[in-house]
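Mind looking over this structure? Questions follow.
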């Protein structure tokens, strides 16, 4: 509980005396360090309620968001960070805040057969850090985190392409695999999609596409470092133009508001 109040007897009624701000801050911070995040949040909020002009108020607001994040309460962390952005539009810590919002969405990412709204939101926020704060250390960190988010999203597209391939739907397999190659060309999932295309083409008796896919896969596997987008070598681009000539990179947009609960996603 918050050790912030003391009751003093008066002539007509009891009077509540608020602990000094330094004591509240020290107590809240120690609880945070000790992992007592819920108590820490209560005390920090009590400090803000009673000392809104305290010079540490801005820092305390961030501490509340950080405590929610550390406690795994990601929606609450996002709400707290978003409130900070709204109330402090010129803060020098906005790059950090945007990055942490992105990471809070990363913390909510589910398996690839489930809802992808958290992953799409993470993608949007991390990309925002890179675009809006390109010279910050958080932009560098966002680039690294974005790689795994894009791999996650690409793996969903691969999952769907494999779903269609298992059912012998050659047209749908190529459409989804082509979209994957266009949107996430640098991922391992894109390389794996080329293998799916090769296998599917052989089952369809399309040896030309199968051979082109084999060449694209060998090209991507042999040059993981020298080709920035691994599947965009000459054979990879030729394959994409062959199976999905009109494929363009899909816009990665989160659903607003996010659906409630977790439900299995069905391939479309």
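The values are calculated or read from the model by the stated rules, or taken from the named source; none is laboratory data. These figures come from a predicted structure and were not determined experimentally. Every residue, glycine as well, gets a Cβ built from its backbone with ideal geometry; the counts of neighbours run over all protein chains shown.
Mind checking which residues of the range 18-49 are more than 12 Å from residue 67 (Cα to Cα) and surrounded by 15 or more Cβ atoms within 10 Å (Cβ to Cβ)?
Across the range 18-49, the qualifying residues are 18, 19, 21, 24, 25, 27, 46, 47, 48.
Okay, next question. Could you please find all residues in the range 23-48 being assigned to a helix (DSSP H, G or I) and over 17 Å from residue 80 (Cβ atoms)?
Step one: of the range 23-48, the residues assigned to a helix (DSSP H, G or I) are 23-33, 37-48.
Hits for the range 23-48 are 23, 24, 25, 26, 27, 30, 33.
What are the residues in the range 197-216 that are within 15 Å of residue 165 (Cβ to Cβ) and surrounded by fewer than 22 Cβ atoms within 10 Å (Cβ to Cβ), if any?
Correct list: 198, 199, 202, 203, 204, 205, 206, 209, 210.
Separate question: All but one of (1) modelled with pLDDT of 95 or more; (2) touching a helix residue (DSSP H, G or I) at 6+ places or on another chain (Cβ under 9 Å); (3) part of a helix (DSSP H, G or I) hold for residue 217; state the number of the condition that does not hold.
Condition (1) is where residue 217 drops out.
Residues of the range 168-177 being surrounded by fewer than 24 Cβ atoms within 10 Å (Cβ to Cβ) and part of a helix (DSSP H, G or I), which ones?
Within the range 168-177, 170, 171, 172, 175 meet the criteria.
Same structure, new question: Test residue 235 against the criterion of being in contact with a helix residue (DSSP H, G or I) (Cβ under 7 Å, 6 or more places away or on another chain), part of a helix (DSSP H, G or I), farther than 26 Å from residue 127 by Cβ and modelled with pLDDT of 95 or more, and give yes or no.
No, not satisfied.
Check whether at least one residue in the range 65-84 is crowded, with 18+ Cβ neighbours inside 10 Å and in contact (Cβ under 8 Å) with a residue 40 or more places away in the chain, and report yes or no.
First, pick out the residues of the range 65-84 that are crowded, with 18+ Cβ neighbours inside 10 Å: 65-69, 73-74, 77-78, 80-81, 84.
Next, only the ones that are in contact (Cβ under 8 Å) with a residue 40 or more places away in the chain stay: none.
Looking for residues that are crowded, with 18+ Cβ neighbours inside 10 Å and in contact (Cβ under 8 Å) with a residue 40 or more places away in the chain, one finds none in the range 65-84, hence no.
Something else about it: If we keep just the residues of the range 50-64 that are in a helix (DSSP H, G or I) and without any contact (Cβ under 8 Å) to a residue 12 or more places away in the chain, which is surrounded by the fewest Cβ atoms within 10 Å (Cβ to Cβ)?
Checking each candidate, the answer is 59.
Just wondering, is there one or more residues in the range 97-110 that are in a helix (DSSP H, G or I), crowded, with 18+ Cβ neighbours inside 10 Å, in contact (Cβ under 8 Å) with a residue 24 or more places away in the chain and more than 13 Å from the chain's Cα centre (by Cα)?
Yes.
I'd like to know if the range 195-207 contains one or more residues that are in a helix (DSSP H, G or I) and within 28 Å of the chain's Cα centre (by Cα).
Scanning the range 195-207 turns up at least one residue that is in a helix (DSSP H, G or I) and within 28 Å of the chain's Cα centre (by Cα).
Residues to consider are 126, 116; find the one that is out of contact with any strand residue (DSSP E or B) (no Cβ under 9 Å at 6 or more places or on another chain), crowded, with 19+ Cβ neighbours inside 10 Å and modelled with pLDDT under 95.
After applying the criteria, what remains is 116.
Kindly evaluate residue 230 against the criterion of being under 28 Å from residue 122 (Cβ atoms), in contact with a helix residue (DSSP H, G or I) (Cβ under 7 Å, 6 or more places away or on another chain) and either in a helix (DSSP H, G or I) or at pLDDT 85 or above (or both).
When the stated conditions are applied, residue 230 does not pass them.
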